[in-house]
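Reviewing the structure listed below.
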Amino acid sequence: MTSKRQVLRADVQEGIQNRLVQGNWRPGSRLSIDGLARELEVSPTPVREALVALERSGLIEYQALKGFVVAPPLTPEQIDELIDARGLLEGAAFTRAFAHWDALVEDLRRAHAEHSAIADRIAAADEPDYALIHEYFDADATFHEAFFQHAGNHYLASMREVLNTHGHRMRQTWSEGPEQIDSAEAIGEHAEILARVSEHNHDGALDALRRHLEGVRVRSTRLAGGAEQ
């Protein structure tokens, strides 16, 4: 039976993780246990326990003399490993989801339309809108999430959640302003995946997904400073 303490710790962890994923703190920012406890209106104990759990996810780090801090963006080498893992996981989920083609293509069309609309709003904005940038990344993730929603395997979905936390660190390389976001490339690549799925072309869609992930790897690595000048 789940205790009240476990429920409280889970709620606190979710609250802190949401703030991390939304980019409320810059990389390297110190996370004060007492400050978070006051903000969340809880005692320091569940905050400390939540931060220890989040350290295991890679979103935060513990540093001597400073305590818990927001982790830095991924290195080029870590980006390579993350994209490799995404390719294996998303490819497996996509193949399983393809068996539910009607529902899959409907969700992909809806997600792609939302993603494109947000990109248009970013392009039309006079000044950088960081809340809108985070909406853009959420919409991007929703497109890929459709594979897992229709795969019929909750273990794949759980592994996807683990990768999502590390994906947030990769997206930190894109958070300096709308001019850095790869919206034209990403939306074009999503459109190619959707076109092949709409044709009921499994192999073509899977190839398009692989090309898209390779494009994400190249663009993210370039921003992280790993590309040759």
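Brief remarks on what is shown
- Net dipole in debye of the chain [+1 Lys, Arg Cβ; -1 Asp, Glu Cβ; about Cα centre; nearest 20]: 960 debye
- Anisotropy class of region 55-140 from Cα gyration tensor, a/c 1.5 cut: oblate
- Solvent-free Debye scattering, log10 I(q)/I(0), computed from the Cα coordinates of region 86-131 at q = 0.13, 0.14, 0.28 Å⁻¹: -0.48, -0.53, -0.95
- Anisotropy class of the chain from Cα gyration tensor, a/c 1.5 cut: prolate
- Additional length obtainable on full extension of the chain from Arg38 to Ala191, 0.36 nm per residue less Cα span: 50.5 nm
- With only the Cα atoms considered, region 4-70 has a convex hull volume of 77 Å³ per residue.
Each reported figure results from applying straightforward, stated rules to the coordinates on display, with no laboratory input. Since the model is a prediction, treat every value here as computed from it, not as a measurement. For neighbour counting, all protein chains shown are included, and Cβ atoms are generated from backbone atoms with ideal geometry for every residue, glycine included.
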